[in-house]
Amino acid sequence: MHWKPDITSDEPIYLQIARVMENQIMQGAWLPGSRLPTERELAALYGIHRSTVTAAYAELRARGYITSVQGRGTSVSDSLWGILPARTPNWNDYHNRQWFHPSNEMIDTIRRSRKRSNITNLSFSHMPEDLLPRVEMEQIMQRLSIDGSLNYADPRGHSHLRDVVVDHLSNQYGIHASRDQILITMGAEHALYLIAHRLLSPGDSIALESHSYIYTKSMFASAGLRMIPLPTDEEGLIPEELIPLIHKKKVRMLFINPTYQNPTGTTLSLARRKELLRICEEHRIPIVEDDPYGALPHDGAARPPQSIKALHGKGQSVIYVGTLTKSAAPAFRIGWIVAPEVIVKRLSEKKAEAGYSAHPLSELIAAHYMEHGAWQKQVHKLRSALTTRKQALTESLTQHLGNQLSYHMPQGGYYLWAQHRFPHSDRELLNAGIREGVLFVPGSVYGGPQGSIRFCFLNETEERIQEGIRALSNMLNHL
């Protein structure tokens, strides 16, 4: 475990330990029945009193995650697959539970702080007003007819939009599908939610990149799924690392964001995509390819490799997830799933049951936006802005923090991943940054190591980015 208790936190240390161990169990680091470290070993590891570990283990036993037998030590509960034992609900625990410590607490801090008028927001993506397709949307609304859009809709999505998506996928990504292989969703997260809750069962293990935005989402934890992190490097996920985990952790499905990945900005090479596809086909592991940024290579950068779905041709092992949210506007919650017809049918049933569908009028707006040139125009504008803003960020980082921080240069998308060399916890740096008026996301929120940072360069102008990095440098050098 690289994690250490945060002695500056208001949360008691024994609860911190209980939460991080609960997360490790949920991710499959310890399977049901496996032995846990002794209280003495954990106390030595964390540099704390043994009684604190005793209290943490007592908390985990009360939640049903572990059992202790005198003379045999402590192990993960064999009944964990039926999470949790029946007992009176602890509503305070429901409120406080964090599936990936300590992301929720820091995310809440970031969300509150980014509302400040004097903050330079390099944290979560928020498309500024000058990049929104306001004029194009107003023109579409003026031309649009509402005929046929006020009644109950097909849960698979409006037929015209599905036809438009078929053409879009073929022209832009080389993905060939039929209308019946398309399911319209309310964005990429809705698509992942449907997959998690309809195609998988509580207790199933899923594999995903070791650094992933998915760790900040509750959709998989709420489905009772175990998240198994896969090692990555500067080229993204390492395919061979999946093989031993398929049987050891009983992996049922792989989720991957191979192009301009969030949070690292890396792009999986063509060779690795082919190898990953080969491994998953050999072991019959479905791949869910999440591709929200694939249309956003920066100016001057080579186009990314073919999507895994396109490489798979007519094969049925890859489910592809796309969205307009990142290439149009954040409030434009339209996405799609490309999958075999039988899967589309199953997912559309879940969608209908849950009652989550975009209004047919929104789907018609999306169809017009994509088929009459507005999408291409917006993507061109976004790519240009992202290129200049990335340049402002990287030049400022090199100028002000060149000796104390290294970073991976993204070729597309919204994000840059950096590693600093300052001996302070992520929580300390986040709080200090907020005081200096600059906001970023500590990498540990996404499963990264302490000392890593994700910068989003979409939100601010070049001048504001430069001001923010100067403030960050001043803060880091005087903390």
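Laboratory data are not the source of any read-out in this text; all were calculated from the coordinates shown. Owing to the predicted nature of the structure, the values given are computational and were not obtained by experimental measurement. No Cβ is skipped: glycine too gets one built from the backbone with ideal geometry, and neighbour counts run over all protein chains shown.
Summarising the strand pairing of the chain, around 60 percent of its internal DSSP beta bridges are antiparallel.
When the listed pairs K314/K381; K217/K390; K249/K314; K250/K314; K274/K309; K274/K326 are checked against a 22 Å cut-off, the alpha-carbon distance exceeds it for K314/K381; K217/K390; K249/K314; K250/K314; K274/K326. Around the amide H of N459, modelled in the peptide plane, lie the amide H atoms of H126, all under 5 Å away and 5 or more residues distant in sequence or on another chain. Round to the nearest 10 and give me the degree value, 0 to 90, for the angle of helix 103-113's Cα axis relative to the longest principal axis of the chain. It works out to around 60 degrees. Think of each Lys and Arg Cβ as +1 and each Asp and Glu Cβ as -1; about the Cα centre, that makes the dipole of the chain roughly 740 debye.
Exposure here means at most 16 other Cβ atoms within 10 Å; with GluC sites (Glu not before Pro) in a DSSP loop as sites, the longest stretch of the chain lacking them is 236-479. Give me the distance between the Cα centres of the range 362-403 and the range 263-279, rounded to whole Å. Answer, in whole Å: 23. The charge dipole of the range 292-409, taken about its Cα centre with unit charges on the Cβ of Lys, Arg, Asp and Glu (plus for the first two, minus for the last two), comes to roughly 80 debye.
Ordering P5, S68, A18 by Cα displacement along the dipole of the chain toward the positive end leaves S68 in first place; charges were set at the Cβ atoms of Lys, Arg (+1) and Asp, Glu (-1). Charging the Cβ of each Asp and Glu at -1 and of each Lys and Arg at +1, and nothing else, the dipole of the range 148-372 about its Cα centre rounds to 580 debye.
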